[in-house]
Amino acid sequence: MIAYQPIVLDPDKPLGNYIVVYDARTRDQRVRERKKTGGGAVTSFVIYLIEKNIVDAVVVARRKKGLVGEIVVARSAEEILSTVGNRWSVVPYTLKLREILSSSNIRRVVFVGLPCQAQFLKQMKMFPLMESDFSSKIYLIISLFCMGTYAIEGFIDYMKRTYSIKAEDIVDIHVAGDKLVVKHSSGVLEIPISETLYYLQHGCLTCPDYTGVFSDLSAGMSSKPGYTLLIVRNKLVDKLLHEAETHGYLELEEASTESIEYVINKSREKMRKAYEYLSHIL
Amino acid sequence: MGFKIFDLQRIGGEAVFLVYGENGFVKKAYFVSRAPVRGFERIVRGKNPVFVINAVMRICGICHSAHGIASAEAIEDAMGISPPVNGRLVRESIGLVNRIQSHLIHLFMLIPDIVIGDSKTKFFIENIRLLDLINKLLAKLGGSPTHPPFIVVGGIARSLSEEVVGEAIDISQKILEHYREFKKSLLEETRDSDKVSLLMDKRANNKLLATHPYYGDRYNIGLDKIHVLRYEDYRKENLPDEIKKTTSLIALYNGEIVECGPRARLALFHDFSGNSLWDIQLARLLEIEISIRRVIDLLKRIEYGEPFSTGVLTYRAGRGVGVYEAPRGTLIHRVVLDTNGRVKEYRIIVPTMFNIPVMESVAEKFPVKYSDLIPRIYDPCIPCSTHIVKFRLN
Amino acid sequence: MSKPGLLLLDLGGCEGCSLSIIRVLPQLSRIVEVYSRYTGNLDLKQKYDYAVLTGPICLNSGDHIEMLKKIREQTNTLLAYGSCASVGGIILYARGGQEPRPEHRVYAPLSRIVKIDYAVPGCPPAPQMLITLLNHIKQGRGFFLDLFKAVASIHKLSGFDLMDEVVLPGLCVGCGACVLSCPTQALHVIDNHPDLIPEKCIRCGTCTVRCPRFSQILIRRYLRTSIQQNIMGGSR
Ligand SMILES: Cc1cc2nc3c(=O)[nH]c(=O)nc-3n(C[C@H](O)[C@H](O)[C@H](O)COP(=O)(O)OP(=O)(O)OC[C@H]3O[C@@H](n4cnc5c(N)ncnc54)[C@H](O)[C@@H]3O)c2cc1C
Ligand code: SF4
Ligand code: SF4
Ligand code: SF4
Ligand code: SF4
């Protein structure tokens, strides 16, 4: 049975409940070769889980065309490697996902998604409202930090119109400070985030969750360059991470107070904005 | 003559059995259902057939699939289409799995009567374990263990892969093994039960009605021979208010009382000749085994690459009938579609409507003290029987 | 200490919700004493710690309304369990006129008649649901518990509301949670956002409480918790 875990979006606990925060990065050559930014810790961790048969499948998103992504149920390291990097959008869960997961060969699954999806998955796991829910298969929920996602068509059009960058040419997008860093086939572009806010999805403006408090593990950019910040929310994940470290998949070090403060501030900021915006529209 | 009201427990739904007794034996019995009438025939009026199937499945949380299938059959008949072979194979399987599901739920509620001593708990747990497997199987074939969404007009909504069907066959085989063990020890444990002997001693020689051993056959029943009556019209006597409040109707076949359900099916289509009340339960137990074997057989006949659904739906005016052997007996859905393909008229006859007069007449001369066993051995379905309407022909 | 008593009763639904609970009876019996028609110990006279009511209430059936009110009085924590009981579900379409009781015309979720403590959609909810819920109620608070508390004060919730409150106003972020939650597959993704196939929606409300946006709106609107007041500074 699933143990009780008090979960709230509490301004006094902007990161939710957690037991430890790490700065982490990959030590896996395969991941290093491919990763664009960040520490590649998430990829390395899920590869570890697959290769050691701790889980049967990992649900991640892969880039399909332009900036549009698709959900994949990856069952091998190779498949996971093909998904390294960010899909700068929410990739919707579809009925097909349930169909694939209904196979009896898939018993334990790790989900990588955004905070909104972590909330849904946690609810499904704890409070199965449907008999066809795959609750019992949800082994771990990994949430990526998220400051919001763009309304994809509008954003692509804006990049093309303003900077003549086509969606296909975009290699990676990430946030650094108050800049959006867009790596593309012929260089790197830095745009002030404020300039892109107009293209954020409206729904994201009401979203109070930056790190994914409903997840088991949250991952985002660390203020330490080249590292992934990992917020560990339960003992099981902590144990698994250390095992992955022992087996040489990744390296962990406790995050500095500054790194943590930085995420706390961003989380508070997002929460405040969300409640403000929500009170406007309700 | 004193009367006794049994607030029926361990049945699916809200009902009372009211009996008048003389010297401790039943003189007259009345089955009165209390659940409010939700009126599904009215709910579906004016609606698109897609809605109708999802709606009528929710008449009953026990025999959902039976309603879904009868409805799909009726609508297809009205549209002039029929599902492809695979669709029909899976649909029949879904129906049979639902039949087993229903029989097991009934058994769960009957165990305290027929099993004596401490082994009750063991059987409860075994029963729930079997039910879990059956639910898993229905989830695979129908999309969900309750109100399976894959039952659609034209066949089955999903093309099942070889892998899924393989898994379904494995589960079925497991159920068969578990069930054989379970049944054997259950029958041993019930040998000394007083209530079982009481049921064994009671004959029930009513005419039987069934249309098909596994599925349902609209050509094997005379629809014009069915008469549906309000309870007071059937009784033709001055009834106390308590009874008049009943929320169910009565159905007769050829003007006579007929029993439908597991015993009728086995007697008419298999070698089964028992005519005591206990034989009804034995028929149910036997039907579980027969059904699961049939499911395995059906699933093995699926042709991969062939369609599971007709794909083409013609929305046109028409009328149709769906006859299906629900867990409790013959279930009939009739539909009239208007020129937009929407429902103009909808009528449902449920098996419990046939069985209510049977239960009442069989109860006569039974010990008053145990007479609640009579309706319960017939497994009346109250959510269903309260959602029916007077059946007018043409 | 004796186990808390739990009444399980269907008031006029299809019994699917109650039966899903029966499947976890062994586990459930470890934490509560279950009283129900299925287990043969139904008793409407006694006091209960919990009542788990399934099925809708017929507003034209005085007997059932009385029964419901009486259960409310005798119960500490009242749960409207499943779509019919919590948000009306399929039966909101009822319009009466059917023999032998054509006067049974209007059906509603239980919250129309009595105060409900927690309302859980699902047609039917998965068996495990009730166990988790009881454990959470016992332990106190939590986001999802708040959500089910919020649902307890509304009288309808369906795919139509999801469209009206989230998708059409542009609040949908396209996560797909609703699509994965619909029992009749009435939601499909068009251009990265869900769209409703109206004739498939049975008004079960599952999609709405699964939607991260809608659940937030529900809590915000129907449950002014101290958290929000904290953050908004005072009691606006
Ligand atoms: C839309 C979005 C917004 C983000 N916003 C922030 C932010 O504001 N601040 C911040 O610090 N970090 C943010 N991140 C997270 C950050 O960019 C990195 O993903 C994170 O630091 C993990 O780094 P990594 O190198 O360990 O990940 P990797 O090792 O590259 O692994 C990431 C994994 O996540 C999967 N993935 C990527 N995108 C999605 C998606 N949309 N849905 C499902 N799976 C996906 C990939 O397939 C890959 O398997 C965001 C991520 C996304 C997708
Ligand atoms: S901001 Fe919130 S709602 Fe928007 S994509 Fe991120 S987690 Fe989802
Ligand atoms: S919510 Fe669904 S399963 Fe539950 S009583 Fe209503 S129709 Fe039946
Ligand atoms: S859209 Fe689906 S999940 Fe939502 S209320 Fe309708 S039937 Fe239920
Ligand atoms: S659950 Fe809500 S936010 Fe997610 S896709 Fe559906 S409507 Fe949009």
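The values are calculated or read from the model by the stated rules, or taken from the named source; none is laboratory data. Remember, it's a predicted structure, so these values are computed and weren't measured experimentally. Backbone-built Cβ (ideal geometry, glycine too); neighbour counts: all protein chains shown. Areas reflect the complete protein model, heavy atoms only, side chains present, ligands, DNA and RNA absent. Shrake-Rupley method; radii C 1.70, N 1.55, O 1.52, S 1.80 Å.
Quick notes on this one:
Okay, residues lined up against (1) facing chain B (nearest Cβ under 10 Å); (2) closer than 20 Å to residue C:160 by Cβ:
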| position | (1), (2) |
| --- | --- |
| C:52 | no, no |
| C:61 | yes, no |
| C:72 | no, no |
| C:81 | no, no |
| C:86 | no, yes |
| C:91 | yes, yes |
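- Considering the range A:39-127, the qualifying strands (runs of 3 or more DSSP E), each wholly inside and each with 1 or more residues that are open to solvent by less than 10 Å² (accessible area, probe 1.4 Å), under 18 Å from residue A:215 (Cα atoms) and in contact with a Lys or Arg (Cβ under 8 Å, 6 or more places away or on another chain), run over A:57-65, A:109-113.
Every residue, every condition in (1) more than 16 Å from ligand 3 (Cβ to nearest atom); (2) free of Cβ contacts under 8 Å to residues at least 40 places away in the same chain; (3) open to solvent by 10 Å² or more (accessible area, probe 1.4 Å), yes or no:
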position: A:225; (1), (2), (3): yes, yes, yes
position: A:231; (1), (2), (3): yes, no, no
position: A:243; (1), (2), (3): yes, no, yes
position: A:255; (1), (2), (3): yes, no, yes
position: A:262; (1), (2), (3): yes, yes, yes
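- Residue in the range A:92-100 that is within 9 Å of ligand 1 (Cβ to nearest atom), under 30 Å from residue A:132 (Cα atoms) and within 16 Å of the chain's Cα centre (by Cα) present: no
- Test result for residue A:237, of a type in the set (A, V, I, L, M), more than 16 Å from ligand 3 (Cβ to nearest atom) and not in a helix (DSSP H, G or I): no
- Residue in the range A:125-139 that is away from every other protein chain (no Cβ under 12 Å), polar (S, T, N, Q) and away from ligand 4 (no atom under 16 Å from the Cβ) present: no
- The listed residue being of a type in the set (Val, Ile, Thr), out of contact with any Leu (no Cβ under 8 Å at 6 or more places or on another chain) and modelled with pLDDT of 95 or more, out of B:26, B:85, B:19, B:50: B:85
- Answer residue from the range C:183-193, given it is in a loop (DSSP other than H, G, I, E, B) and more than 16 Å from ligand 3 (Cβ to nearest atom) and is most open to solvent (accessible area, probe 1.4 Å) among those: C:191
- Condition check for residue A:253: acidic (Asp, Glu) and outside any helix (DSSP H, G or I): yes
- Flag if residue A:161 is away from ligand 5 (no atom under 16 Å from the Cβ), more than 12 Å from chain C (Cβ to nearest Cβ), within 28 Å of residue B:138 (Cβ to Cβ) and among the charged types (D, E, K, R): no
- Subset tally (residues that are free of Cβ contacts under 8 Å to residues at least 24 places away in the same chain and either within 16 Å of ligand 2 (Cβ to nearest atom) or of a type in the set (Ser, Thr, Tyr) (or both)) for the range C:180-205: 3
- Only one entry in C:180, C:171, C:133, C:196 is crowded, with 19+ Cβ neighbours inside 10 Å, within 10 Å of chain A (Cβ to nearest Cβ) and over 30 Å from residue B:131 (Cβ atoms), namely C:171.
- Criterion: under 17 Å from residue B:130 (Cα atoms), within 13 Å of chain A (Cβ to nearest Cβ), part of a loop (DSSP other than H, G, I, E, B) and of a type in the set (Ser, Thr, Tyr) - qualifying residue of B:159, B:144: B:144
- Hits in the range C:31-50 - residues which are surrounded by fewer than 17 Cβ atoms within 10 Å (Cβ to Cβ) and of a type in the set (Lys, Arg): C:45, C:47
- Members of the range B:162-213 found to be under 25 Å from the mean Cα position of the chain (by Cα) and assigned to a loop (DSSP other than H, G, I, E, B), listed by number: B:190, B:202, B:204, B:205, B:206, B:210, B:211, B:212, B:213
- Lone qualifier among C:171, C:134, C:180 - being part of a helix (DSSP H, G or I) and over 30 Å from residue C:3 (Cα atoms): C:180
Each row is one residue, and each column tells you yes or no for (1) in contact with a Pro (Cβ under 9 Å, 6 or more places away or on another chain); (2) within 13 Å of chain C (Cβ to nearest Cβ); (3) crowded, with 24+ Cβ neighbours inside 10 Å; (4) acidic (Asp, Glu).
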| position | (1), (2), (3), (4) |
| --- | --- |
| B:2 | no, no, no, no |
| B:9 | no, yes, no, no |
| B:12 | yes, yes, yes, no |
| B:28 | no, no, no, no |
| B:56 | no, yes, yes, no |
| B:68 | yes, yes, yes, no |
| B:84 | yes, no, no, no |
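- Residues that are more than 9 Å from ligand 5 (Cβ to nearest atom), buried (at least 24 other Cβ atoms within 10 Å of the Cβ), more than 7 Å from every other protein chain (Cβ to nearest Cβ) and not hydrophobic (A, V, I, L, M, F, W, C) within the range C:199-211 comprise just one, C:205.
- Yes/no for residue C:157 being among the hydrophobic types (A, V, I, L, M, F, W, C) and free of Cβ contacts under 8 Å to residues at least 60 places away in the same chain: no
- Flag if residue B:274 is closer than 30 Å to residue B:231 by Cβ and either in a helix (DSSP H, G or I) or without any contact (Cβ under 8 Å) to a residue 12 or more places away in the chain (or both): yes
- Which listed residue, of A:127, A:155, is closer than 15 Å to residue A:196 by Cα and of a type in the set (A, V, I, L, M, F, W, C): A:155
- In a residue-by-residue description of the range C:167-178, the property of being on the phi > 0 side of the Ramachandran plot, away from ligand 2 (no atom under 16 Å from the Cβ) and modelled with pLDDT of 90 or more applies to no position.
- Evaluation of residue B:201 against the conditions (1) in contact with a strand residue (DSSP E or B) (Cβ under 6 Å, 6 or more places away or on another chain); (2) open to solvent by 30 Å² or more (accessible area, probe 1.4 Å) shows that the sole unmet condition is (1).
- Residues of the range C:81-99 that turn out to be over 16 Å from residue C:183 (Cα atoms) and open to solvent by 10 Å² or more (accessible area, probe 1.4 Å), as a count: 6
Residue-by-condition table, conditions (1) farther than 15 Å from residue B:288 by Cβ; (2) surrounded by fewer than 24 Cβ atoms within 10 Å (Cβ to Cβ):
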{"site": "B:88", "(1), (2)": "yes, yes"}
{"site": "B:123", "(1), (2)": "no, yes"}
{"site": "B:131", "(1), (2)": "no, yes"}
{"site": "B:142", "(1), (2)": "yes, no"}
{"site": "B:148", "(1), (2)": "yes, no"}
{"site": "B:151", "(1), (2)": "yes, no"}
{"site": "B:188", "(1), (2)": "yes, yes"}
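- Restricting the search to helices (runs of 4 or more DSSP H) fully inside the range B:230-271 and requiring at least 2 residues that are buried (at least 22 other Cβ atoms within 10 Å of the Cβ) gives B:262-269.
- Some residue of the range B:172-182 being under 25 Å from residue B:265 (Cα atoms), within 14 Å of chain A (Cβ to nearest Cβ), crowded, with 16+ Cβ neighbours inside 10 Å and touching a helix residue (DSSP H, G or I) at 6+ places or on another chain (Cβ under 9 Å): yes
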